[in-house]
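Read through the structure below, which is laid out as structure tokens, and then see the notes.
The values are calculated or read from the model by the stated rules, or taken from the named source; none is laboratory data. Owing to the predicted nature of the structure, the values given are computational and were not obtained by experimental measurement. When we count neighbours, we look across all protein chains shown, and the Cβ atoms used for this are built from the backbone with ideal geometry, even at glycine. Surface accessibility is based on the protein's heavy atoms, side chains included, excluding ligands, DNA and RNA. Shrake-Rupley method; radii C 1.70, N 1.55, O 1.52, S 1.80 Å.
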Amino acid sequence: MSTTTHTTKGIDVQAPVVGRGAELLTPQALAFVAELQRRFGPERQRLLAARVERQARLDVGELPDFLAETREVREGDWRVAQAPPDLQDRRVEITGPVDRKMVINALNSGARVFMADFEDANSPTWANNVDGQVNLRDAVDGTISLDTGKKTYELGESPAVLVVRPRGWHLSERHVLVDGEPVAGSLFDFGLYVFHNGARALERGTGPYFYLPKLESHLEARLWNDVFDCAEEELGLPKGSIKATVLIETVLAAFEMDEILYELRDHIVGLNAGRWDYLFSLIKKFRSGSETILPDRAQLTMTTPFMRAYTELLVKTCHRRGVHAMGGMAAFIPSRRDPEVNERALAKVREDKVREAGDGFDGTWVAHPDLVPVAMEVFDEVLGGRPNQVDRQRNDVSVAAPELLDLRVEGGSVTEEGLRANVSVGIRYIESWLQGVGAAAIDNLMEDAATAEISRSQVWQWVRHGEFTADRVREVIADELPSDGSGRFEEARELFERVALTDDFVEFLTLPAYEYID
């Protein structure tokens, strides 16, 4: 084991580098990450400050709208650069964390694309982040395998295309300091991966492909575009070879989809309807208004009018600009012990995917390999031999700002059952996250940070606006906690109360949660 690494170039690694991590955290790779941080860290901080200023305006009643200053971009007749051959057909994508077994199983799942996640499905322990980079380099090389002593996992003959999701702009990597300040988690994840795998991937007929999370404006997309241009120049990669799909998972980004595509037009290949984070964003951004209280999470389906408006606008925007529109997550985990539960859930998954394919989406997300055939069958029926349906223009769609902002849910209600579900899922997920597991199977669903954010933010909103008292929430928390003191549930309870019951809204639960892990 190596000890804490110090360099003479202002880079300080404040964690042990063990095993094969030393192959990734080389002086050259760290110098590249440090260069990204020095060039783009100040603009990142400025944009994060702009988020705070925007929220202050929303808190006093300002409503988002399509930007007057970018009207020419929205009305202009332009298209983005063409996607590479291996990203033309993305009809089913599987997502998951970057642990070794998951990477192998996902690549072998039969899905066309695997999104390897350093963000919502990953608990960002130092070991998870570094080992994840090792796993992805082996995946790019085609050498990844795992022998557990009971079973051997190896890469199949036709693995999925690998796409990597780095952390969002708001997160830092505290274990690596550049000139005394923590490096941006996004730049650490992206920088290490592209440094080691950009050229390797291109040599193997694919490329350095990314999913970009939690953008709130086209200016944040512009920053990523600048990072991509810099990386290509510094690493000698062909211009435009870095490709990205942006998750539209904040309500503010939904008003700037054209602009986001335009800023990344040499690099972007699609937008994704990140449904769970989008719901969290609606609660967070409009948290101060009593008229925007959302009902139980179980009642927030993709057929509610404001979610329909958001997804149909996404498809129309993408296809007009020549890029893929990717559908949302099917989070159900099939159970081998309860066929009746499976039958009901798979019917709902199929219904969801039929709606997406019918709306014009070019592909969709699943969280479990057993869902790949279900989603694949639906999109095969619509696409046939075509790789996508980008040529299907949704000229019938016209979405105005009020349709994105009308959060009324017909027949919706806030219930005791909904409160208990939020408390149970929130605490159990946080406990899993503190244990280093960022994708947790809870009640036959694959929960990640996005769904935990919905759980705790709904509780915060309901308490603030008088649906429940804080004392009632604490009673429910006491009911839901295990009585045997196992695991890290007491810390999970403390953290849940911190992000659900304090007066000031905590922007992301993963920010205070990061203090609890190594």
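Data table
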quantity: Karplus-derived HN-Hα couplings along region 73-85 (A = 6.51, B = -1.76, C = 1.60, θ = phi - 60°), whole Hz, x at Gly and Pro; calculated: 5, 5, 8, x, 9, 9, 9, 8, 4, 5, 6, x, x
quantity: For Ile268, residues with placed amide H under 5 Å, excluding near neighbours; calculated: Ala81, Ala244
quantity: Loop sites in region 332-366: trypsin sites (Lys or Arg not before Pro), DSSP, at most 16 other Cβ within 10 Å; calculated: Arg336, Arg337
quantity: Separation of alpha-carbon centers, region 329-352 and region 212-285, rounded to whole Å; calculated: 32 Å
quantity: Long-range HN-HN contacts of Val176 with modeled amide H, under 5 Å; calculated: Gln14, Val183
quantity: Rounded to the nearest 20 debye, dipole of region 43-129 from Cβ charges on Lys, Arg, Asp, Glu; calculated: 300 debye
quantity: √(5λ) per eigenvalue of the Cα gyration tensor, region 202-270, largest first, Å; calculated: 23, 12, 9
quantity: The chain, accessible area per residue, ligands and nucleic acids excluded (1.4 Å, Å²); calculated: 40 Å²
quantity: Formal net charge of residues neighbouring Phe286 (Cβ-Cβ distance under 11 Å; K, R +1; D, E -1); calculated: 0
quantity: Point-charge dipole on Cβ atoms (K/R +1, D/E -1) for region 345-402, about Cα centre, debye to 20; calculated: 100 debye
quantity: Cross-link pairs beyond the 22 Å C-alpha cut-off, checked among Lys101/Lys150; Lys101/Lys151; Lys214/Lys285; Lys316/Lys353; Lys243/Lys285; Lys214/Lys284; calculated: Lys243/Lys285
quantity: Trypsin sites (Lys or Arg not before Pro) restricted to DSSP loop in region 84-176 with at most 16 other C-beta within 10 Å; calculated: Lys150, Lys151
quantity: For the chain, with +1 on Lys and Arg beta carbons and -1 on Asp and Glu, the positive-most of Asn135, Asn422, Leu48 along the dipole; calculated: Asn135
quantity: Coil-residue trypsin sites (Lys or Arg not before Pro) of region 192-228, DSSP, other Cβ within 10 Å capped at 16; calculated: Arg204
quantity: At least 18 Å along the helix axis (C-alpha) and Kyte average at least -1.0, DSSP helices within the chain; calculated: 27-59, 126-141, 185-203, 218-235, 305-321, 416-434, 449-464
quantity: Three-way shape label, region 276-399, alpha-carbon gyration tensor, a/c 1.5; calculated: oblate
quantity: Nonlocal amide H pairs with Leu445, under 5 Å, H built at 1.01 Å; calculated: Ile333
quantity: Residue (of Thr311, Leu162, Met329) at the positive-pole extreme of the chain, dipole from beta-carbon charges; calculated: Leu162
quantity: Relative contact order computed over the chain (Cα-Cα under 8 Å; 6+ residues apart), in percent; calculated: 16 percent
quantity: Distance between region 361-395 and region 456-518 - C-alpha centres, whole angstrom; calculated: 38 Å
quantity: Lys, Arg +1 and Asp, Glu -1 on Cβ, resulting dipole of the chain about Cα centre, debye, nearest 20; calculated: 680 debye
quantity: Solvent-accessible area of Asp86 with every protein chain in place, 1.4 Å probe, in Å² to the nearest 10; calculated: 40 Å²
quantity: Calculated SAXS-style log₁₀ I(q)/I(0) at q = 0.12, 0.21 Å⁻¹ - region 169-316, Debye, Cα scatterers; calculated: -0.59, -1.27
quantity: Considering only the chain, percent of DSSP beta bridges that pair antiparallel, nearest 5; calculated: 35 percent
quantity: Exposed-loop-free span, longest in the chain, where GluC sites (Glu not before Pro) count as exposed if DSSP calls them loop and at most 11 other C-beta atoms lie within 10 Å; calculated: 158-409
quantity: Residue-wise HN-Hα coupling along region 504-518, computed from phi with Karplus coefficients 6.51, -1.76, 1.60 (Hz; x: Gly, Pro); calculated: 8, 6, 7, 4, 9, 5, 5, 5, x, 5, 4, 5, 8, 10, 7
